[in-house]
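The values are calculated or read from the model by the stated rules, or taken from the named source; none is laboratory data. Because the structure is predicted, anything quoted here is derived from the model rather than measured. Cβ atoms come from the backbone with ideal geometry, glycine included; neighbour counts cover every protein chain shown.
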Amino acid sequence: MAVTVLISSAGRRVGLLECFRASARDANIDLKVLACDMDPELSPACRLADKAFSVPRCDDPSFAERMLEISTLCDVDLIVPTIDPELSVYSANIQRFAECGTHVHVSPPAVIGVVRDKGLTAEKLKAAGVPVPDTYTLEFGRENAEKLEWPLFLKPSGGSASRGIRAVSGPEGLPERPEEPMILQQLLEGPEFTVNIFIDKSGKLRCAIPHRRLRVRAGEVEKGITERAPVFRELALGVLRALPEARGVLCFQVIKDKTAGPCVFEINARFGGGYPLAHHAGAHFTRWLLEEISGQPSSASDDWRSGALMLRYDAAVFEG
């Protein structure tokens, strides 16, 4: 069985590329891994892919057309997005890709619309019974400053990779004219976890694997360790209640606050940067996706190792 996978906005995602290749070997699949980026010559993952392509920014109107062109030209079976800003574009064009024989690993627009808005994420999760930090609009914070418990956490409602986040000690710290919509959230204190989950094509939660974020760099876990505890699976089931149309790989962030307990404060509807740790611990999401695409029986399970440790370091690709 031959499968062609295209990793979108591949950048530095060498670990994800290697996970797909290892999974293909395990599943006896003849895999071709393609990659694309704005500047593939300077992308390590593109350099290590079987073939790489240059594409415009994902917010460029020509992005979808270029990806459809590549998918048709190369008979791409599966596109794997890796950054939040491209999810909306792919989700809006799922059917167009399907018509050219390409499955995009992305949830429907109803899901992406929620996870790309942190205020709406908190609202949907709370309605589904999932504990979340108290969340307010910037305007509410200004008008009701005396009723709120400061400091609060200020963040872009559609941000990612820890961009633009900071704690504010009072209303005087709020931006007058923010460049993008912002929200305020309760400042949680405690250990932080990422929970990687896999939802199969029928909508069933097949795996929830948490890791404690021991150290983070630029929004991605640099050192982490898997920890098994029932509360994380319960939270994962709550996320699925809030987003019943979600499919494939997602991850969400949890802080075990010393007072409020575990609270979910963010969802990413894609492979997280720390996925290689989950893969190492036995949660082979890449294999399960390849099995779905190739029509093989699914080997998905919640059988993974607690205590698996990841210590990242920088490596390099050399040319010339």
Residue in segment 151-161 that is loosely packed, with under 12 Cβ neighbours inside 10 Å and either without any contact (Cβ under 8 Å) to a residue 40 or more places away in the chain or small (Gly, Ala, Ser) (or both) present: no
Number of the exception - LYS201 against (1) surrounded by 19 or more Cβ atoms within 10 Å (Cβ to Cβ); (2) in the same structural domain as LYS256 (by TED's automatic domain parsing): (1)
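So, ALA45, is that one touching a helix residue (DSSP H, G or I) at 6+ places or on another chain (Cβ under 6 Å), closer than 15 Å to GLY11 by Cβ and in a helix (DSSP H, G or I) or not?
Working: touching a helix residue (DSSP H, G or I) at 6+ places or on another chain (Cβ under 6 Å): yes; closer than 15 Å to GLY11 by Cβ: yes; in a helix (DSSP H, G or I): yes.
When the stated conditions are applied, ALA45 passes them.
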Qualifying residue in segment 244-262 (condition: surrounded by 24 or more Cβ atoms within 10 Å (Cβ to Cβ), in a loop (DSSP other than H, G, I, E, B), among the aliphatic types (A, V, I, L, M) and touching a strand residue (DSSP E or B) at 6+ places or on another chain (Cβ under 8 Å)): no
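Restrict the check to segment 221-239 and report whether at least one residue is out of contact with any Lys or Arg (no Cβ under 8 Å at 6 or more places or on another chain) and either assigned by TED's automatic domain parsing to the domain that holds PRO156 or at pLDDT below 95 (or both).
Filtering segment 221-239 down to residues out of contact with any Lys or Arg (no Cβ under 8 Å at 6 or more places or on another chain) leaves 228-239.
Checking the rest, the ones that are also either assigned by TED's automatic domain parsing to the domain that holds PRO156 or at pLDDT below 95 (or both) come to none.
No.
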LYS124 assigned to a strand (DSSP E or B), buried (at least 17 other Cβ atoms within 10 Å of the Cβ) and not assigned by TED's automatic domain parsing to the domain that holds VAL254: no
Any hit, segment 52-62, residues being touching a strand residue (DSSP E or B) at 6+ places or on another chain (Cβ under 8 Å) and farther than 16 Å from THR4 by Cβ: yes
Pair list, Cβ < 7 Å and 6+ apart or interchain, from segment 72-95 residues that are within 16 Å of VAL111 (Cβ to Cβ) to residues that are among the acidic types (Asp, Glu): PRO85/ASP59
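In this structure, is VAL114 closer than 30 Å to GLU291 by Cβ and among the aliphatic types (A, V, I, L, M)?
For VAL114, the condition - closer than 30 Å to GLU291 by Cβ and among the aliphatic types (A, V, I, L, M) - is met.
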